Amino acid sequence: MSLTPVLLPSPFLGSAVWAPVAAALRAGFGVSAVIAEPPVPATADPAGVLARLQEQLPQSGDLVLVPHSNAGLYVPALAGAPSVRGAVFVDAVLPPPEGEQAVAPEGLRELLRAQTDGEGLLPVWTRWWPAADVAVLFPDAQARAAVEAQQQRVPFDYLTARVKVAGGWDRLPAAYVAFGDTYAEEREDARGRGWAVETMAGDHLHMLVEPGRVAAAIVRLARAL
């Protein structure tokens, strides 16, 4: 595989969510992936997130963007880079063909508004949900510790922002991998656009649970692009 996957984590998490897949790509397929890092400290401005991702894109080679979760928002802007050849969304937000995309749906904003502190900061991502729901996301304590060590307290205002989506971005060859039904609407949207779509039984951080299988799906779909 001559393509280089660029693994994009959610700004709420960090590169640790993708590290096992990067290792599996290297060991199983001889593929050297790039794992992008979100901005530190966290920003309320999507433009700051985008700028940080843009500066980490390799300047040469044939790149396949692989966003997870909220990082899907940034694919339309990143798709314009000359070296980007395609995208494989992995349980990720799928922007519309053009217009605007809210960073977070209204229901999530209302859920988290009450959890925001006096400085306008959200709790870290694993504190958003009931403890039992979070526990099943991780294969072991070591994986959880690695992810939690990189979490940032993102400003609540980030959730209220909107990202502009330039028309024509989805002419980029793309595919979609869903973990269970968390992003069922996005999965069906991708299918409606004529993309290749695969579903794995699992939760939102399934790349930590079966990194080899996720790596294989990325390679398979990227080659088909």
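Observations
- Sequence-distant residues sharing a close amide H with Ser69 (under 5 Å, placed H): Val90, Ala92, Val93
- Segment 3-224, relative contact order in percent, only Cα pairs under 8 angstrom and at least six apart counted: 27
- Compared with the alpha-carbon gap, the fully stretched path from Ala184 to Arg213 is longer by 8.4 nm at 0.36 nm per residue.
- Ordering Met200, Met207 from the fewest to the most neighbouring beta carbons within 10 Å gives Met200, Met207.
- Note on the chain: with a GNM built from Cα contacts shorter than 10 Å, the maximum mean-square fluctuation among Leu172, Leu13, Leu205 falls on Leu172.
- Taking other C-beta atoms within 10 angstrom as a stand-in for reagent exposure, Leu73, Leu112, Leu122 fall in the order Leu112, Leu122, Leu73, fewest first.
- Antiparallel beta bridges, as assigned by DSSP with both residues in segment 71-196, represent about 50 percent of the total such bridges.
- Simple spin-label estimate for Ala23 and Arg127 in nanometres, 7 Å along Cα-Cβ: 2.8
- Amide H partners (placed H, <5 Å) of Val154, local residues excluded: Leu122
- Segment 164-192 and segment 45-91 have Cα centres spaced 14 Å apart.
- Length gained on full extension, Ala135 to Arg162: 6.6 nm, using 0.36 nm per residue less the C-alpha separation.
- Segment Gln142-Ser2, extension gain: residue separation times 0.36 nm, minus the distance between their alpha carbons: 47.2 nm
- FRET efficiency, Leu108 to Ala47 (Cβ-Cβ, R0 30 Å, nearest 0.05): 0.90
- Counted charge near Pro9, where neighbours are those whose Cβ lies closer than 13 Å (Asp, Glu -1; Lys, Arg +1): -1
- Counting only DSSP beta bridges whose two residues both lie in the chain, roughly 20 percent are antiparallel.
- In whole angstrom, segment 123-168 maps to an equivalent ellipsoid with semi-axes of 28, 14, 11, each derived as √(5λ) from the alpha carbon gyration tensor and ordered largest first.
- Alpha-carbon gyration tensor eigenvalues x 5, square-rooted, for segment 3-224, Å: 25, 21, 17
Laboratory data are not the source of any read-out in this text; all were calculated from the coordinates shown. Quantities reported herein were computed from a predicted structural model and do not represent experimental measurements. Every residue, glycine among them, receives a Cβ derived from its backbone with ideal geometry; neighbour counts consider all protein chains shown.
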